[in-house]
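The structure under discussion appears below in the form of structure tokens.
The values are calculated or read from the model by the stated rules, or taken from the named source; none is laboratory data. Since this is a predicted model, take the numbers as computed values, not measurements. Neighbour counts run over all protein chains shown; Cβ positions are idealised from the backbone, glycine included.
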Amino acid sequence: MSDTDRLTLVLRFADVGIVTYASLRIVGQPSRTVNWVVEEPILLAALQELVGALPEPHGSESRRDAIERALTTGPFAAPDTELTIAYILGVLLIGAPGWQLLTECVATPRAVLFVSPSSRLARVPWGLLAVPKSGPSKEELVRARQDAITASGRVAAQIPWQLADIGAHTDGYRLMELVDVLMAVPPNIVHSPRAPAGWAARRDGPAVLVLDPRVPGQRPDSALGSVLGRPSPETQLAQHFGGLMERRPVLPDVDDVVELFRRQDAGRVWLAKQLAQAPSRLMYVGHASSAHGQADRAALHLACTAQIPGDAEAIGDHRPLTASDLMSLQLPIPPRVALLACGHAQKVQSLGVPRLICQDTAS
């Protein structure tokens, strides 16, 4: 089977009122589509599992406290607890018909699964979900859902998990071992006419690396400060990108890998110059933010000073780069883009920045 013959599946979730509807279909084989419902108490239970796992502050936590908790005591901090949360999420979010269809599609080369989550499920690490062998009974789940319906509303279901021997409930196989897991373009994106950059023509081009740009007027430990820490050639991250520089060209063209990080010139004018050199990829690691209900105000925080014109209000000495700015600048987006951003970016997925990128990249 060639790559062009690979099966393509689409897993889609939609929040409708007090339930979330899920469907899994094989492109070109509509008769094999399966559906299930994730009721709100079950969905809230899944989201509750992520509260302690993700490095996002909650309660009185500072950002530093949240990162330390996630890396040292959270579910992702140790193999056993990571497998446990992956199993729980697999049981709660993918119904038995979904897992059955996925296992039926195991092939070489692997099938491709596009995941289109609802807004509340945007933070789920889909590829890590573990394939369950067993789980709570239907009666236990029904009882847990009923108990979660209170006079003041619905709360997270308290499910009687039997987790003393996690190996009895899952063999540890992950969703990304069954299929190649990709994130689908959000369904609210309108595919406007565009001139996409083809991957075949660009694949050998340099990669543009925008790594933790220094936001003007922000201290490293402030809200818009460093996300990767002090640059040093001794860090594992710097060594990774140093190896990349030895294997292929990157932009900006620097002599020392440390010069890729915390650049003070990495603003929108600088970015436009890098993108004009026909790169194959763009990787952004930094801060992102969104404005509720205003897709055009979703923004990346580059090293742009407040003197640079733009649609966003200045934040001290800094002006964010909004989706509407990207539209006005008509920057040539390369065919492969990765946006790795702070916690605010969980809301950006269905908003303006990915929308502009998807309209300008090849599918």
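Quick rundown of the values:
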quantity: Residues of region 76-91 classified as touching a residue at least 60 places away in the same chain (Cβ under 8 Å) and either touching an Asp or Glu at 6+ places or on another chain (Cβ under 7 Å) or crowded, with 18+ Cβ neighbours inside 10 Å (or both), total; calculated: 6
quantity: From Q158, Q146, Q162, residue being over 19 Å from E49 (Cα atoms) and surrounded by fewer than 18 Cβ atoms within 10 Å (Cβ to Cβ); calculated: Q146
quantity: Enumerated helices (runs of 4 or more DSSP H) restricted to region 219-330, each holding at least 1 residues that are assigned by TED's automatic domain parsing to the domain that holds R63 and touching a Ser or Thr at 6+ places or on another chain (Cβ under 9 Å); calculated: none
quantity: Region 20-40 residues that are among the charged types (D, E, K, R), paired with ones that are outside any strand (DSSP E or B) (beta carbon under 8 Å, 6 or more apart); calculated: R32/L101; E39/I18; E39/R145; E40/I18
quantity: Residue in region 54-61 that is buried (at least 16 other Cβ atoms within 10 Å of the Cβ), assigned by TED's automatic domain parsing to the domain that holds Y21 and not charged (D, E, K, R) present; calculated: yes
quantity: Residue in region 285-296 that is of a type in the set (S, T, Y) and either under 18 Å from A338 (Cα atoms) or touching a residue at least 12 places away in the same chain (Cβ under 8 Å) (or both) present; calculated: yes
quantity: Whichever residue in region 218-264 is at pLDDT 95 or above and touching an Asp or Glu at 6+ places or on another chain (Cβ under 7 Å) and, among such residues, is farthest from A303 (Cα to Cα); calculated: F261
quantity: Residue match in region 276-284 (condition: on the phi > 0 side of the Ramachandran plot and either surrounded by fewer than 18 Cβ atoms within 10 Å (Cβ to Cβ) or small (G, A, S) (or both)); calculated: yes
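Here's the yes/no breakdown for (1) under 30 Å from A107 (Cβ atoms); (2) at pLDDT 95 or above; (3) among the small types (G, A, S):
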site: L11; (1), (2), (3): yes, yes, no
site: I18; (1), (2), (3): no, no, no
site: A46; (1), (2), (3): yes, yes, yes
site: H58; (1), (2), (3): no, no, no
site: D65; (1), (2), (3): no, no, no
site: T72; (1), (2), (3): no, no, no
